[in-house]
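Working notes for the structure below.
Just so you know, all these numbers are worked out from the coordinates, no wet-lab data involved. Here the structure is a predicted model, which is why all the values come from computation and not from measurement. Cβ: placed from backbone, ideal geometry, glycine included. Neighbour counts: every protein chain shown.
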Amino acid sequence: MSTLTMTEAGAALPAPPPQRGRKAGLDQDSLFAVAAFAGPALLLFAAFIVLPLLLALGATFTNHRLMSPEPTQFVGLENYRRLLSVDVVTVDALRGNAGAALRDEDGLRFPTWRQVRLAHPELAGYREAFHLRVGERRLVLAATDPQFYRSLINTFLFALLVLPLQCGSALGMALLVNQKIRGRIFFRTVYFAPVVTSMVVASIVWSIMLNTDRGLVNEVLRALSGDPNTGPDWLGDSLFALPAIAVMSAWQGMGFQMLVFLAGLQSIPHEQYEAAILMGANAWQRFVHVTLPGLRNTIVFVLVSTALLAFGLFTQVDVMTGGGPLDSTTTVVYHSVRTGFREQDIGYGSTIALVFFGLVLALSTLQRLVAAKGAAKGAAK
């Protein structure tokens with residue numbers, strides 16, 4: 001006996017037969033379509049990402065070198081030991097016969113690292129990476145590869161410099177070109193133009209501009225001050241070299257972040273701004289309470305992507321400073337490439353790259369989790 005349903009007129013009509021449940025998942029045709037579309041991308045990913053990563057991982061356990069008459073040998077974890085071996089050494093100041101610390105025109109006198117190693121045979125093979133003076137003592141971070149730790153510090157310093165500069169400038173430009181002003185299309189084009197410029201070309205141009213003697217930047221400073229000797233050695237002074245590269249990198253990349261912020265700004269409902277205006281909010285209050293919350297996810301994406309690009313700094317250093325002066329601009333990627341290809345130590349260069357990859361992956365994951373947690377708390381409020 002079939003079940004009856006009532007129409008609006010009150011007539012009894014047989015109910016439609018129950019539909020059979022669809023089989024969960026994709027049918028064969030859908031699976032074929034997915035494989036056809038995703039297959040080329042997966043093959044390229046496997047050929048250019050997964051395979052080189054596995055080859056690099058295998059090379060870390062060998063002493064493989066380019067153009068070497070010696071056969072490649074398995075060395076186990078020797079490359080990792082060489083890279084990660086560190087020790088903190090306390091070095092006392094030199095003292096005279098009366099027991100007072102010796103001084104010269106530079107301050108307290110300390111023994112050389114060679115003298116320290118002679119006094120501590122267990123430090124054979126270690127070199128000084130950094131030192132910190134505490135009273136009449138010096139704390140020395142010694143490592144078998146001190147250049148790696150100097151490069152690591154330079155990489156993080158560069159990221160700390162470029163993140164606020166590039167993201168803040170990109171947000172400011174996005175707010176500007178989002179206004180209904182004449183010529184905003186022109187400004188968008190001008191701001192985005194450096195992004196499509198080759199990094200090598202941009203680095204060469206900035207090297208010319210930052211030249212100590214005839215560079216545009218120093219010429220402008222001399223014209224404004226009236227002093228022909230004004231102007232630092234931007235790329236030859238360890239104090240200015242890394243900030244100069246950070247400014248150049250922020251200029252070259254801020255156009256892309258500007259477009260991302262612009263898309264986020266245009267996704268914020270205009271009604272929220274109208275409500276804020278009716279409530280008497282000024283421009284700053286609208287920016288803090290409407291714009292920033294509306295850009296929360298966009299800000300997280302821009303910060304994470306910019307940090308990843310900053311950690312991969314290489315081209316600017318290679319073109320503008322070559323890692324100098326005094327290794328003040330050497331980064332981990334530059335150190336890895338120089339070790340692997342210029343010094344032809346593929347095994348150790350791969351070890352540097354793999355360790356840094358794991359470190360960046362962990363930091364990016366942590367940054368993502370912290371940002372997502374903060375966004376969740378903000379949404380809950």
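In degrees, nearest 10, range 0 to 90: what is the angle between the Cα axis of helix 146-177 and the longest Cα principal axis of the chain?
The helix 146-177 is inclined about 40 degrees to the chain.
Can you give me the relative contact order of the stretch 86-143 as a percent, contacts being Cα pairs under 8 Å and 6 or more apart?
With pairs under 8 Å counted, the relative contact order is 44 percent.
Averaging over every viewing direction, what projected area does the convex hull of the Cα atoms of the stretch 107-264 cover, in nm²?
14.9
Taking Cα centroids, how far is the stretch 71-147 from the stretch 225-260 in Å?
After rounding, the separation between the Cα centres reads 34 Å.
When the Kirkwood hydrodynamic radius is evaluated over all pairs of different C-alpha atoms of the stretch 86-143, what value in angstrom, to one decimal, is obtained?
Kirkwood hydrodynamic radius for the stretch 86-143: 12.0 Å.
For the stretch 254-296, what ratio Rg/Rh do Cα atoms give with a Kirkwood hydrodynamic radius?
Radius of gyration relative to Kirkwood radius: 1.03.
Dimensions of the stretch 194-297 along principal axes (Cα, Å, largest first)?
Sorted largest first, the three principal extents are 56, 33, 21 Å.
Which residue, Ile208, Gly76, Leu262, has the largest displacement toward the positive end of the dipole of the chain when charges sit on each Cβ (Lys, Arg +1; Asp, Glu -1)?
The residue sitting most towards the positive pole is Leu262.
Any idea what angle helix 28-45 forms with the longest principal axis of the chain, computed on alpha-carbon atoms, 0 to 90 degrees, nearest 10?
20
Name the most mobile residue of Thr60, Thr365, Thr144, meaning the one with the largest mean-square fluctuation, in a Gaussian network model of the chain with Cα contacts below 10 Å.
Thr365
Skipping prolines and chain starts, which residues have an amide H placed within reach, meaning under 5 Å, of the one on His131, given they are 5 or more residues away or on another chain?
HN-HN under 5 Å from His131: Leu141.
Which value, in debye to the nearest 20, describes the size of the charge dipole of the stretch 86-143 about its Cα centre when Lys and Arg Cβ atoms bear +1, Asp and Glu Cβ atoms bear -1, and nothing else is charged?
Computed about the Cα centre, the dipole is about 40 debye.
Pop a pseudo-label 7 angstrom from the Cα along the beta-carbon direction at both Asp237 and Ile204 and give the gap in nm to one decimal.
2.8
Per Stokes-Einstein, at 4 °C and 1.567 mPa s, what whole-number D in µm² s⁻¹ belongs to the chain, with the Kirkwood radius over Cα pairs as the hydrodynamic radius?
Value of D from the Cα-based Kirkwood radius: 49 µm²/s.
With springs only between Cα atoms under 10 Å apart, run a GNM on the chain and tell me which of Gly358, Gly107, Gly253 wobbles the most.
Of the options given, Gly107 has the highest mean-square fluctuation.
In terms of the Cα gyration tensor, with a ≥ b ≥ c the square roots of its eigenvalues, is the stretch 295-370 rounded because a/c is under 1.5, prolate because a/b exceeds b/c, or oblate?
Here the stretch 295-370 falls in the oblate category.
How high is the relative contact order of the chain, in percent, with contacts defined as C-alpha pairs under 8 Å that are six or more residues apart?
With pairs under 8 Å counted, the relative contact order is 19 percent.
Please work out whether the stretch 223-381 counts as rounded, prolate or oblate from its C-alpha gyration tensor, where a ≥ b ≥ c are the square roots of the eigenvalues and a/c under 1.5 means rounded, while otherwise a/b larger than b/c means prolate and anything else oblate? Show your work: numbers first, answer last.
Details: a/c = 3.48, a/b = 1.55, b/c = 2.25.
Oblate.
Which three numbers, in whole Å and largest first, are the semi-axes of the equivalent ellipsoid of the stretch 46-193 derived from its Cα gyration tensor as √(5λ)? Present the calculation step by step, with values, prior to reporting the outcome.
Details: eigenvalues 421, 214, 22 Å².
After diagonalising the Cα gyration tensor, the semi-axes are 46, 33, 10 Å.
Within a Cβ distance under 13 Å of Ser238, other residues only, what is the Lys/Arg minus Asp/Glu net charge? Could the numbers behind the result be given before it?
Working: positive: Arg150; negative: Asp233, Asp237, Asp327.
Value of the local net charge: -2.
Most mobile of Ser364, Ser225, Ser305 per a Gaussian network model of the chain (Cα springs, under 10 Å)?
Largest GNM mean-square fluctuation: Ser225.
Once you place label points 7 Å from the Cα toward the Cβ at Val34 and Glu105, how far apart are they in nm?
7.5
What trypsin sites (Lys or Arg not before Pro) in the stretch 153-226 are in a loop by DSSP, with at most 15 other Cβ atoms within 10 Å of the Cβ?
Listed in order of number, the matching sites are Lys180, Arg182, Arg214.
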